[in-house]
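The values are calculated or read from the model by the stated rules, or taken from the named source; none is laboratory data. Everything numeric in this text was worked out from a predicted model, so none of it was measured. Heads up, the Cβs are rebuilt from the backbone with ideal geometry, glycines too, and the neighbour counts pull from every protein chain shown.
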Amino acid sequence: MIRLGLRLALAGGRGAIAGLGLTATAVAIGTAILLFALSFAPAVGARDARTAWRDSFVQAPEGAEGTLVAVFEDRVGARLLTRVHLAPASADAAPIPPAIDAMPRPGEAYVSPALAALMAELPADQLAGRIGSVVGTIKDSSLASPDELVAVIGTEPDILRAYGATVVTGYASEAAALDLPPIAALIVVLAGMGALAPVAVFVATATRMSAARRELRLAALRLVGATPGQVARLAVVEALVATSVGALGGVVLFVLFRPLIARIPLDETTWWPDTIAPSPVLAVTLLIAVQAVGAAGALVTMRRLTISPLGVQRRAASPTPRAARMLPLAISFIALMLAIWLYRTGNLPGIVTLGGAGLAFAGVIGSIAFAGPWLTGLVGRVLHRFARGGATLLASRRVGDDPRGSFGAISGVIMAVFVASAFFTFAVYTRSQMVFVTQLLPPNGVVAWLGNGSGLSDDLADRIAGLDGVTGAVPIREVGLARDGGYQAFGWLASCPEVVAALGLEGANCAPGGITTTFGADVTGTYQLFPDRTDVTGATPPSATLVVPGEAVPALSAAGLPADLGGFLPEVLIDPVALADPGAASAFPVTRIHITTDGSPEVGERVRNAIIAAAPAAFVSVQQEGPTIKGPFEEIGRIVAIGLVGTLALAGCTLAVAVTTATLERRRQFVFLRSAGMSASGLRATILLQAGVPLVAVAGASAVLGVIVGLAVVWIAGGTVALPDASMVGVLGASLAVAMLIVSLTLPPLERMTRPSSLRHE
Amino acid sequence: MTFLATPPATSSDARSEPTRSTSTPILTAHGLHKRFGTTDALRGIDFSLSPGEIVAVMGPSGSGKSTLLHCLAGILTPDAGTVEFDGRRIDAMGEGERSRLRRTAFGFVFQFGQLVPELTGLENVALPLLLDDVSRKDAEARAAEWFPRLGLSGLEGRRPGDMSGGQAQRVAVARALVAGPAVVFADEPTGSLDSLAGEGVMELLTAAARSAGASVVIVTHEARVAAYAHREVIVRDGRSSGPAA
């Protein structure tokens, strides 16, 4: 029977092979996507393990010997540069990171190959100056990706001590567990489930592609005496030919595309191709599951048919789907809300409730698949009521008569839209969780600021001011204002006009008395000033007295001053001359330098290079690099976005495959119609209407449902509820347009297959 | 282009008084050649059809009679030779123009399976008009007029799957005639019917076409079907052996 099945599948002529090839190709694409999906977690794990040596340390006990380590994130242009500064805390027993062979001495550095290449490319005063002299290369096994910019720099111990660097006795070799907030973990679970559903739909749809031709063959077999059971077995064998070839093709596609996928950055870093690999157990399970889906699909198809010796007939149409199909959707929605509420209250183990939420979300997706035909049928009936032309009539009747089939064609897109809408809603919430370090800079601005550490000074500001292309450098001392032993306000000890010029706040007015508040802060009174930074050296901090008379502190005002400046500017700008002892100002450490340049990127890099060389712990932002976002949500958002793009593209492919299959099943009618004068544009209109109308209508409903689910999840999880912005409509609209574009790609071959000259074959 | 504005009244005996028109041919073909791969389906056939004339194209299976019909109807373009309809070269037209011609000037009846299963009888008959941008209301009104004339009353709302083979073929005849064609092409129109139903369909087809002034080209290998025609053209091995005109 197996041999006969193989012979029927493979020896059916060019058409049969083409159908088989199309099915196998679609299965291969779906399999490859699933293999990449399964590779994601191992790839992240492998990457984290490779960089664990600089992310996680064995900290030395108080007073113990070891290595002083400080890690800084820096930039070269738009590229991330990780600087790992090392110094032996004592003469011996200073462990060396596994990334390098020997402890670099101050001024020496090991660099990654990509950084070495970039250093050779850029002038020394733009990059090499902050790295030092290169004495070796960081091992590949200690880099997150081939193009990662990393430097391990030998540094004077005192500099690192001043920064408060960690003394370590060892370096981690395994990645620390990702510490995600509960809602982030939930989002990851839900995103994973949401993304995989359309892939499964795609694979299942693909296995239907050559079914019509297969059914005719099987009818012929019934004529010569094959039993229904034998016919079913033959159908399974034929389906397995396509899925096994497809699965194998999927592995080949996976291997072929892995180097390209590895170039897609996540967290500004690409991948080592060989780390993108699923666990063998999961990979084998997947390949078996694809065969199971193919075999099950063939059997389900056979159940819907009566293959008699005289031909193939579809079973009598099932009753029209009823509105009761919405019930499971409501139930699974409530179950999802309940699971999230239980997760939040912590009354049950997190793994149980998280798993429950995942299952409930899967239930919502399944319920959409169940309720979809009812809604699709409704759309078909409404369309038929208002149909005017022949194409609309044909499309509406088709949709209304076979809502299950019509929904099957769009189910992949519908589920993707649901998942996308839910996550757009999550995204609004996650953005509200991000910590923005706003760096408001004019287009030609550079800012350097210190957290801990030292190195910024008036001298450095003067030196920077002397660089070619630099038009100004303002040293700023960040201070706290204390009264009655309590912290009252945050201030900058600097010249107000110079700050206003450095920030490009044209038209802003500084108070004549030297004390200017921003946005109307009330700082009237007498204050003690102290440095607004942590001094880890134990030195006595400087202090100064400031008397602020009420009438002397007009608010900084400027026409068109950005409203969000309040989060960036201090509450008060204090000119040193306003202090009781103006000379006391110089005792305060410079913690920021605002620089203006001619705006060229080269000058910006030169400034950054000079500052980092003098103050390795300084953070330098050149021009407006955009807000620095912290927290795990950005990462998750990016993962979700990548997943969604892939999912929606795949869903478009599903739609194209389904439309092709449906049209081929009705090829005979279309050939007759076109022979009788139906134009090619009429055929195109019919196909596009048949796919497009239910797609847009049901996708709209799905998007609304997705937003409701997203809002409900955020609300129950205790987040701030906010509607997604217009970008959601834009992205979803564009995605649907892409889906329809993919469908339109099927039109030329369908036109050829249904051209009137094919009539002689009918 | 509409050649007939109103549906005709049917004749009680379509076979009576078969007369041959002697007016200028409405459809002519000269020296038609058509090859599929290594097979010559047509080898220089000439053909002509006068207004109101009914011609049966006969011949054994594989003789090329369907290919001839497809070339005459602009479904296939011949490799050599010309096909003229109403003074215009069909073989030189683009597919779009030929589609328009088939939609407006020709009607088609095939052996079986030509009705759209999702549409009702009325919608199937109205379809050519809808495809020609006639409003749905007008199209269905015009389609509805054909049902009593072809003995189809009560079948307007039925789907093809709920009709007998003979009923479905009569609906196909109505669909072929609804747009007022100048020529109806029928390819084995009774091939899937028993003799009684086949005769019923042929009587209705020829009578309706005659009273509508439409010419008919019938491809058949059945002598009793050919008997409804004014003239027979025999095709054998891609050549015609009967009178060309």
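The table below lists the values:
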quantity	calculated
Scope the range B:90-120; condition more than 7 Å from chain A (Cβ to nearest Cβ) and in contact with a Ser or Thr (Cβ under 6 Å, 6 or more places away or on another chain); matching residues	B:Asp91, B:Gln111, B:Phe112
Some residue of the range A:731-747 being within 14 Å of another protein chain (Cβ to nearest Cβ) and β-branched (Val, Ile, Thr)	no
Filter pass, B:Ile90 being in contact with a strand residue (DSSP E or B) (Cβ under 9 Å, 6 or more places away or on another chain) and under 27 Å from A:Thr392 (Cβ atoms)	no
Test for A:Ala144: is it part of a strand (DSSP E or B), at pLDDT 85 or above and either buried (at least 21 other Cβ atoms within 10 Å of the Cβ) or hydroxyl-bearing (Ser, Thr, Tyr) (or both)	no
Residue identified as surrounded by fewer than 19 Cβ atoms within 10 Å (Cβ to Cβ) and in a helix (DSSP H, G or I) among A:Leu383, A:Leu338, A:Leu375	A:Leu338
The range A:331-347: number of residues that are hydroxyl-bearing (Ser, Thr, Tyr) and in contact (Cβ under 8 Å) with a residue 40 or more places away in the chain	1
Extreme residue, surrounded by the fewest Cβ atoms within 10 Å (Cβ to Cβ), among residues of the range B:52-74 that are of a type outside the set (A, V, I, L, M, F, W, C), away from every other protein chain (no Cβ under 14 Å) and more than 27 Å from B:Val134 (Cβ to Cβ)	B:Pro60
Which numbered condition A:Leu723 misses (of (1) part of a helix (DSSP H, G or I); (2) surrounded by fewer than 18 Cβ atoms within 10 Å (Cβ to Cβ); (3) under 22 Å from the mean Cα position of the chain (by Cα))	(1)
Index of the failed condition, B:Leu130 passing every other in (1) buried (at least 17 other Cβ atoms within 10 Å of the Cβ); (2) away from chain A (no Cβ under 12 Å)	(2)
Subset of the range A:377-420 that is without any contact (Cβ under 8 Å) to a residue 40 or more places away in the chain and among the aliphatic types (A, V, I, L, M) - its residue that is farthest from the other protein chains (Cβ to nearest Cβ)	A:Leu378
Criterion: in contact with a helix residue (DSSP H, G or I) (Cβ under 6 Å, 6 or more places away or on another chain), surrounded by fewer than 23 Cβ atoms within 10 Å (Cβ to Cβ) and more than 10 Å from chain A (Cβ to nearest Cβ) - qualifying residue of B:Thr77, B:Thr82	B:Thr82
Test: residue in the range A:390-413 that is at pLDDT 85 or above, farther than 30 Å from A:Leu705 by Cα and surrounded by 24 or more Cβ atoms within 10 Å (Cβ to Cβ)	yes
Residue ID - nearest to the other protein chains (Cβ to nearest Cβ), chosen from residues in the range B:152-165 that are free of Cβ contacts under 8 Å to residues at least 24 places away in the same chain and closer than 25 Å to B:Ala207 by Cα	B:Gly154
Identity of the residue in the range B:133-151, closer than 17 Å to B:Gln167 by Cβ and without any contact (Cβ under 8 Å) to a residue 40 or more places away in the chain, that ends up nearest to the other protein chains (Cβ to nearest Cβ)	B:Ala143
Enumerated helices (runs of 4 or more DSSP H) restricted to the range A:1-96, each holding at least 2 residues that are modelled with pLDDT under 85 and farther than 30 Å from A:Pro259 by Cβ	A:2-10, A:13-50
Residues located in the range A:506-523, provided they are modelled with pLDDT of 70 or more and part of a loop (DSSP other than H, G, I, E, B)	A:Glu506, A:Ala508, A:Cys510, A:Ala511, A:Pro512, A:Gly513, A:Gly514, A:Asp522, A:Val523
Qualifying residue in the range A:701-712 (condition: under 36 Å from the mean Cα position of the chain (by Cα) and not in a helix (DSSP H, G or I))	no
Hey, B:Ala168 farther than 27 Å from B:Arg236 by Cα, within 17 Å of the chain's Cα centre (by Cα) and more than 14 Å from chain A (Cβ to nearest Cβ) or not	no
Residues (among the hydroxyl-bearing types (Ser, Thr, Tyr), surrounded by fewer than 24 Cβ atoms within 10 Å (Cβ to Cβ) and either assigned to a helix (DSSP H, G or I) or more than 10 Å from chain B (Cβ to nearest Cβ) (or both)) located in the range A:662-687	A:Thr663, A:Ser681
B:Ala182 vs. criteria crowded, with 24+ Cβ neighbours inside 10 Å and more than 8 Å from every other protein chain (Cβ to nearest Cβ)	yes
